[in-house]
Amino acid sequence: MKHNFSPESLMMSYGYKPELSEGALKCPIFQTSTFVFKNAEEGKAFFEVAYGLREKKVNEELGLIYSRINNPDLEILENRLCLWDGAEDCAVFESGMSAITTMLLEFLKPGDLLLYSTPLYGGTDHFIHDFLKKIGVHAIGFKPWQTKEEIIQLMTKANLQNNLALFFIETPANPTNALIDISVCKEIADQFSTKEKQVYVAVDNTYMGPLWQHPLKNGGDLVLYSATKYIGGHSDVIAGACLGNKELMTRVKTLRTFLGNMAGPWTGWLLLRSLETLKVRMDQQAENAKHVAEFLRTHPKIEKVYYLGFIPENSEEYKIYKKQYSSAGAMLSFDVKGGEKEAFAFLNALKMIKLAVSLGGTESLAEHPITMTHAGVEPEHRKEMHITEKLVRISVGVENFKDIIWDIEQALEKIV
């Protein structure tokens, strides 16, 4: 009898054969730089496939060559990550930014146009406006509330519609939780694709992790993660991931090989361990976030709460939410009444919640986007996106939600 196991069940063993590792129940750490071939013919065959000299034969596996190309810990991790998003292939990197930059460099060349959603994570924003600009890539940002027609108008106004090569979007946006309709971006990409050039849609899904949104099922061609966040989940490892179909991922993996920014075996092993508890962690974090958001919503020192669970049901954004998301997630931001002084007073008074950047870990974290994660974003763009001095971002952890609320409440009392 055949049974289709759910991803959270397959995280314990999928892709690993104990008989190949002395019967060890869990995958060992393959701390080796190179691998021994059985014979010269096998080495030749492995390199032919690795360097794209020929296609793999039916049922042929890419043999182990060198840990810059492949390593058992990374291969098993990549196979398991594919299960959550329904992807054909995955590439794991040494950081989220290395995944993003490698993908951008592979699919953009001088003269191309990149359409990107705003706001973006500060590191991504800087790479687009600093490095990509240096190599002659055009970039136009669009806002979450802009329509399909308005986005197209942005291109035509700049006379760059024929240069469109890639969409890069973050949804929900960091730190405001604004939503982007992935399918609308895909419609525009298809409209401006030609036989000679396919326009692709890449989605940074870090904010939702691999559990609460699956961009590949909503029109995305590539999905990216800072695996440091929910996938790692314990604030003790830096990593990134990119997923998509075989054709696109072959391109990404080939560039990764020559840039040399793949993750190492220790990173792969740590993430394998984290995947086993991914669902239980994220479920608890989402449940906690509901309670925290409800508390903040009625507090007299809070002006506004940015939380997916509070999107008005009769709005266009709510339609996107119901189509793309299975949860309101565990990220929320809020405006304190006042400005930087009041926001800092709150942050400095926290006792259990840690004042630190990053997100998705087991512990709750709070930060001040305008002076921290988004400090490098142009002031005009920050203002347009409501990233102001009074905005605070919280990543809700797995602690008892009553303790999280107690800490927030006592810190708000310190605001004069």
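The values are calculated or read from the model by the stated rules, or taken from the named source; none is laboratory data. Note that the structure is predicted; figures quoted are calculated from it, not measured. Ideal geometry is used to build each Cβ from the backbone, glycine not excepted, and the neighbour counts take in all protein chains shown.
For the reader, a short list of remarks on this structure follows.
- Residue that is nearest to Ile128 (Cα to Cα), among those in segment 63-114 that are part of a strand (DSSP E or B) and either at pLDDT 95 or above or hydrophobic (A, V, I, L, M, F, W, C) (or both): Leu114
- Candidates Lys2, Lys26: the one that is basic (Lys, Arg), part of a loop (DSSP other than H, G, I, E, B), more than 23 Å from Thr257 (Cβ to Cβ) and within 29 Å of the chain's Cα centre (by Cα) is Lys26.
- Pairs, first aromatic (Phe, Trp, Tyr) in segment 321-335, second at pLDDT 95 or above and part of a helix (DSSP H, G or I), C-beta under 7 Å, six or more apart: Tyr321/Leu308; Tyr325/Trp212; Tyr325/Leu308; Phe334/Leu296
- Contact map, segment 1-29: first residue modelled with pLDDT of 90 or more, second residue of a type in the set (S, T, N, Q), Cβ cut-off under 6 Å, separation 6 or more or different chains; pairs are Gly15/Asn79; Pro28/Ser21.
- Options Met282, Met262; residue that is in contact (Cβ under 8 Å) with a residue 40 or more places away in the chain and not assigned by TED's automatic domain parsing to the domain that holds Asp190: Met282
- Complete set of residues in segment 317-342 that are of a type outside the set (Gly, Ala, Ser), farther than 18 Å from Thr171 by Cα and either surrounded by fewer than 19 Cβ atoms within 10 Å (Cβ to Cβ) or under 16 Å from the mean Cα position of the chain (by Cα) (or both): Lys337, Glu340, Lys341
- For His374, the conditions (1) in a loop (DSSP other than H, G, I, E, B); (2) free of Cβ contacts under 8 Å to residues at least 60 places away in the same chain; (3) touching a Pro at 6+ places or on another chain (Cβ under 9 Å) are fulfilled apart from (2).
- One residue alone among Glu413, Glu399 is farther than 22 Å from Ala328 by Cα and either surrounded by fewer than 20 Cβ atoms within 10 Å (Cβ to Cβ) or in contact with a helix residue (DSSP H, G or I) (Cβ under 9 Å, 6 or more places away or on another chain) (or both), and that residue is Glu413.
- Checked against (1) in a loop (DSSP other than H, G, I, E, B); (2) surrounded by fewer than 16 Cβ atoms within 10 Å (Cβ to Cβ), His386 passes all but a single condition, namely (2).
- Leading residue by the ranking (nearest to the chain's Cα centre (by Cα)) among those in segment 183-206 that are crowded, with 24+ Cβ neighbours inside 10 Å and outside any loop (DSSP other than H, G, I, E, B): Asp204
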